[in-house]
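Structure record follows, encoded as structure tokens.
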Amino acid sequence: AQSVTQLDSQVPVFEEAPVELRCNYSSSVSVYLFWYVQYPNQGLQLLLKYLSGSTLVKGINGFEAEFNKSQTSFHLRKPSVHISDTAEYFCAVSGSGGSEKLVFGKGTKLTVNP
Amino acid sequence: NAGVMQNPRHLVRRRGQEARLRCSPMKGHSHVYWYRQLPEEGLKFMVYLQKENIIDESGMPKERFSAEFPKEGPSILRIQQVVRGDSAAYFCASSPPLGFYNEQFFGPGTRLTVL
């Protein structure tokens, strides 16, 4: 079984500041890792994913994440945030079997202030 | 190519009534997943279906909840005799036929309110 812990429920930052959203996971098997973004009253949009290969993954909207197997972490970063990045961000894990359910963290609400 | 469609977007039911939530996957997708998001919580997996088959229902409550994905038409999540605790956002995701990795594409969700 897998589980995901998002260490911060809320992260307020100022516009153009860097941000890091933290995610740790646990699993007894190989995993795929994901970050999704949810804007108010909308569905989830995939930001980026780690399947294999390079541990630094680049996604949409200038976000990137680094897979650290020894620390079982997959933190999300952006060097300079915009007001439009205000949203809820979910880290998720699945087994590496191909078509497997996603296990989500509880989410981090990012608020970007002017 | 239209995305995953869910309807209704908002549904209000009184305790004891039935709720039917519909999900039309993306064109060419044959796998459907249902997730539930309770207030202040992340999404929790409920059920995974392929056409006419339930593959994994380990997240479905044992009573009152059922799901189907018929050969023709949308996937349906059915909740009988709803209770206030069923109030949540229900999301459907679809993915293409089996491959190395199958990204799940999410619909906009159905927000169920039980009065």
List pairs: first in the range A:14-39 and at positive phi, second of a type outside the set (Gly, Ala, Ser), Cβ under 8 Å, 6+ apart or cross-chain? A:GLU16/A:VAL81; A:GLU16/A:HIS82
Which of the residues that make up the range B:56-69 are more than 18 Å from B:PHE106 (Cβ to Cβ) and within 14 Å of chain A (Cβ to nearest Cβ)? B:GLU57, B:SER58, B:MET60
Among the residues of the range B:64-85, write down those that are more than 16 Å from the chain's Cα centre (by Cα) and more than 18 Å from B:GLY28 (Cα to Cα). B:GLN81, B:VAL83, B:ARG84, B:GLY85
Condition set under 22 Å from B:HIS10 (Cβ atoms) and not in a strand (DSSP E or B), scope the range A:35-55, selection nearest to the other protein chains (Cβ to nearest Cβ): answer is A:GLY43
What number goes with the only condition from (1) within 13 Å of another protein chain (Cβ to nearest Cβ); (2) crowded, with 21+ Cβ neighbours inside 10 Å; (3) modelled with pLDDT of 90 or more that A:VAL31 does not pass? (3)
For B:PHE45, all conditions in the list (1) within 14 Å of chain A (Cβ to nearest Cβ); (2) over 18 Å from A:PHE104 (Cβ atoms); (3) of a type in the set (A, V, I, L, M, F, W, C); (4) crowded, with 17+ Cβ neighbours inside 10 Å hold save one; what is the number of the exception? (2)
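Each row is one residue, and each column tells you yes or no for (1) touching a Lys or Arg at 6+ places or on another chain (Cβ under 8 Å); (2) of a type in the set (A, V, I, L, M, F, W, C).
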position	(1), (2)
B:ASN7	yes, no
B:ARG36	yes, no
B:VAL47	no, yes
B:PRO61	no, no
Could you check B:VAL82 against (1) outside any strand (DSSP E or B); (2) of a type outside the set (D, E, K, R); (3) within 11 Å of another protein chain (Cβ to nearest Cβ); (4) crowded, with 17+ Cβ neighbours inside 10 Å and say which number it fails? (3)
Go through the range A:101-112 and give me each residue that's touching a residue at least 12 places away in the same chain (Cβ under 8 Å), at the interface with another protein chain (Cβ under 9 Å from one of its Cβ atoms) and out of contact with any Cys (no Cβ under 8 Å at 6 or more places or on another chain). A:LEU102, A:VAL103, A:LYS106, A:GLY107
Picked from the range A:56-100 (must be within 14 Å of chain B (Cβ to nearest Cβ), surrounded by fewer than 20 Cβ atoms within 10 Å (Cβ to Cβ) and in a loop (DSSP other than H, G, I, E, B)), the residue modelled with the highest pLDDT is A:GLY59
Evaluate the range B:98-110: report whether one residue or more is in contact with a strand residue (DSSP E or B) (Cβ under 9 Å, 6 or more places away or on another chain), over 26 Å from A:TYR50 (Cα atoms) and crowded, with 19+ Cβ neighbours inside 10 Å. yes
Inside the range B:85-115, can you point out the residues that are under 20 Å from B:ARG36 (Cβ atoms), at the interface with another protein chain (Cβ under 10 Å from one of its Cβ atoms) and without any contact (Cβ under 8 Å) to a residue 60 or more places away in the chain? B:ALA89
Filter result (among the polar types (S, T, N, Q) and touching a Ser or Thr at 6+ places or on another chain (Cβ under 7 Å)) within the range B:8-54: B:GLN50
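The values are calculated or read from the model by the stated rules, or taken from the named source; none is laboratory data. The structure presented is a predicted model; accordingly, all values stated were derived computationally and were not measured. Positions of Cβ are backbone-derived with ideal geometry, glycine not excepted, and every protein chain shown enters the neighbour counts.
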